[in-house]
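Colleague: So that we are looking at the same thing, I have put the structure below in structure tokens.
The values are calculated or read from the model by the stated rules, or taken from the named source; none is laboratory data. Everything quoted here is computed from the prediction, not taken from an experiment. Methodologically, a virtual Cβ is constructed for each residue, glycine included, from the backbone with ideal geometry; neighbour enumeration extends over all protein chains shown. Surface accessibility is based on the protein's heavy atoms, side chains included, excluding ligands, DNA and RNA. Shrake-Rupley method; radii C 1.70, N 1.55, O 1.52, S 1.80 Å.
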Amino acid sequence: MSEPVVLGIESTCDETAAAIVRGRELLSNVVASSMEEHARYGGVIPEIASRAHAEAFVPCVSKALADANMTLADVDAIAVSAGPGLAGCLAVGVSGAKALAWAANKPIYGINHVIGHIAVTQLQFGPFPKDTLALIVSGGHTSLLHVEDMPRKIDVVGTTLDDAAGECFDKVARLLGFPYPGGPHIDRHGQNGDPHAIKVPMGLTQGKAGAAHPYDFSFSGVKTAVARWVESEQAAGHEIPVDDVCASLADSVATVLARKAMRGCRQYDSNTLIVGGGFSANSQLRAKLLEFGENYGVDVRIPQIKLCTDNGAMVAMLGVNLVEAGVAPSAPDFPIDSAMPLTKVSMR
């Protein structure tokens, strides 16, 4: 069989994206973001995002096909994010993808967008070795997965118990007066600060809770500790050392993620760690994971920045995996699932 060509469509949050992948080759990758429309509200407004998806859907898909010098007839299958995500946003992408699949008589796969974040690394690093560990770090998810056989068998090793890493950064950023999204601002200021200036707790690593949850993540207490420190300094009339606060927060979160990921690799006898999700664009996390990987003898695969945030390439790549594995396409009337579990790779 020749390498499958898949059109991937993404609309889980505030990016409308479409891409075409042939095998492990990215032929086109188009992203339209409505981020600026949400910034004034300090977060994503689902209604605004849904309307933006409806407006951008056809232009994005058309450009992805044109950039690849293809028509729908040249595509073997269509993959679309079916969850998890904002229900209204998912509905726009899925209904549009279904219309395309029906019109062109192509099979369609409703895929798990979070699993797409790790699938996309194959475009840069090639196929997954057997028994790979994967660390997902995004705005709403911080999870450690054991990828025994992509895409047939994926197990959850650890997950977020409260705030994900991205949420923690956004909440502290708001406290420091940074506009939404806060992550890039903390990253930039953190590069100029002292990571040991402020004692920031290591979430869910100490005592009984840490022992009971060796691979789970909790960053709510980290956010609260930083907030209390800032408030106490303000109350004392001290100027807040913003760079140091950002550096200390970033170092604490990155260290926890790296330690738990390496512990997971040792537990599952894996020497490969795949990293994915929007938060993996954070420079402190990237450096820390690569440093720990070198010390532990683990090959850490972090995708280039443009493949970290939501994009159609990750959806198309997971679609290629499903086609290659002989997984049956989704039913034509498959539903969206805004809380799609990580153990579910595609809708049936």
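Colleague: Any lysines with Cα under 16 Å of the Lys288 Cα? List them, leaving off those in the same chain fewer than 8 positions away.
Modeller: Answer for Lys288, where 16 Å is the Cα cut-off: Lys260, listed by chain and number.
Colleague: Still on this structure: Rounded to a whole number, what % of the accessible area of the range 30-189 do carbon and sulfur atoms account for, probe 1.4 Å? Intermediate results must be reported in sequence, preceding the final value.
Modeller: Numbers: 3460 of 6400 Å².
So the carbon and sulfur contribution to the accessible surface is 54 percent.
Colleague: Sticking with this one: Percent of accessible area on the range 231-303 owned by carbon and sulfur, 1.4 Å probe?
Modeller: Details: 1220 of 3020 Å².
Of the solvent-accessible surface of the range 231-303, carbon and sulfur hold 40 percent.
Colleague: Compute, for the range 49-187, the length of the dipole vector about the Cα centre, with Cβ point charges of +1 (Lys, Arg) and -1 (Asp, Glu) only. Units Debye, rounded to 20. Walk me through the numbers on the way to the answer.
Modeller: On the way: 9 positive and 13 negative charges, 70 e Å.
With only Lys, Arg, Asp and Glu charged at Cβ, the dipole is about 340 debye.
Colleague: Among the GluC sites (Glu not before Pro) within the range 155-258, which fall in a DSSP loop and have no more than 14 other Cβ atoms within 10 Å of their own Cβ? Before the final figure, lay out the partial values.
Modeller: On the way: sites: Glu167, Glu231, Glu233, Glu239; in loops: Glu239.
Within the range 155-258, the qualifying GluC sites (Glu not before Pro) (loop, at most 14 other Cβ atoms within 10 Å) are Glu239.
Colleague: A follow-up question, please. Ratio of the range 248-348's C-alpha Rg to 2.2 N^0.38 Å, to two decimals? Show your work: numbers first, answer last.
Modeller: Details: Rg = 16.4 Å, N = 101, 2.2 N^0.38 = 12.7 Å.
For the range 248-348, the normalised Cα radius of gyration is 1.29.
Colleague: Counting only protein chains, not ligands or nucleic acids, how are Val323, Val6 ordered by accessible area (probe 1.4 Å), most first?
Modeller: Values: Val323 30, Val6 0 Å².
Per-residue accessible area, sorted high to low, gives Val323, Val6.
Colleague: Express the accessible area of the range 51-97 per residue in Å², computed with a 1.4 Å probe while the remaining protein chains stay in the model. Can you show the working numbers first?
Modeller: Numbers: 1820 Å² over 47 residues.
Using a 1.4 Å probe on heavy atoms only, each residue of the range 51-97 averages 39 Å².
Colleague: Separate question: Evaluate E = 1/(1 + (r/R0)^6) for Asp155 and Ser95, where r is the Cβ-Cβ distance and R0 equals 35 Å; express this FRET efficiency to the nearest 0.05.
Modeller: The pair Asp155/Ser95 has a calculated efficiency of 0.65.
Colleague: Further question on the same structure: Provide Thr16, Thr205 ordered by accessible surface of protein heavy atoms (probe 1.4 Å), highest first.
Modeller: Numbers: Thr16 10, Thr205 45 Å².
Result, largest first: Thr205, Thr16.
Colleague: Quick check: pseudo-label points 7 Å beyond the Cα along Cα→Cβ at Glu231 and Ala87, how many nm apart are they?
Modeller: About 3.3 nm, to one decimal.
Colleague: Further, regarding this structure: So how much slack lies between Glu291 and Phe125, counting 0.36 nm per residue of separation and subtracting their Cα-Cα distance, in nm?
Modeller: Working: separation 166, 0.36 × 166 = 59.76 nm, distance 1.86 nm.
Difference between extended and current length: 57.9 nm.
Colleague: Only four residue types carry charge here, +1 at the Cβ of Lys and Arg and -1 at the Cβ of Asp and Glu. Report the dipole size of the range 130-182 about the Cα centre in Debye, rounded to the nearest 20. Don't jump to the answer; show the numbers that get you there.
Modeller: On the way: 5 positive and 8 negative charges, 26 e Å.
The calculation lands at about 120 debye.
Colleague: Could you work out the mean projected area of the convex hull around the alpha carbons of the chain, in square nanometres to one decimal?
Modeller: Numbers: hull surface 68.5 nm².
Taking the Cα atoms of the chain, their convex hull projects to 17.1 nm² on average.
Colleague: Calculate the spin-label point distance for Arg259 paired with Ala197, positioning each point 7 Å from the Cα along the beta-carbon direction, and give it in nanometres.
Modeller: Modelled inter-label distance: 2.3 nm.
Colleague: For the chain, what is the charge dipole size about the Cα centre, in debye to the nearest 20, if Lys and Arg each add +1 at the Cβ and Asp and Glu each add -1 at the Cβ? Intermediate values should be presented prior to the final figure.
Modeller: Numbers: 27 positive and 37 negative charges, 107 e Å.
In debye, rounded to 20, the chain gives about 520.
Colleague: Viscosity 0.692 mPa s, temperature 37 °C: give me the Stokes-Einstein translational D for the range 154-271 in µm²/s, with Rh taken as the Kirkwood radius over C-alpha pairs. Spell out each step's value before the answer.
Modeller: On the way: Rh = 14.9 Å.
Reported coefficient: 220 µm²/s.
Colleague: Identify all lysines with a Cα-Cα distance to Lys106 below 17 Å; exclude those on the same chain that are fewer than 8 residues away in sequence.
Modeller: Lys106 reaches Lys98.
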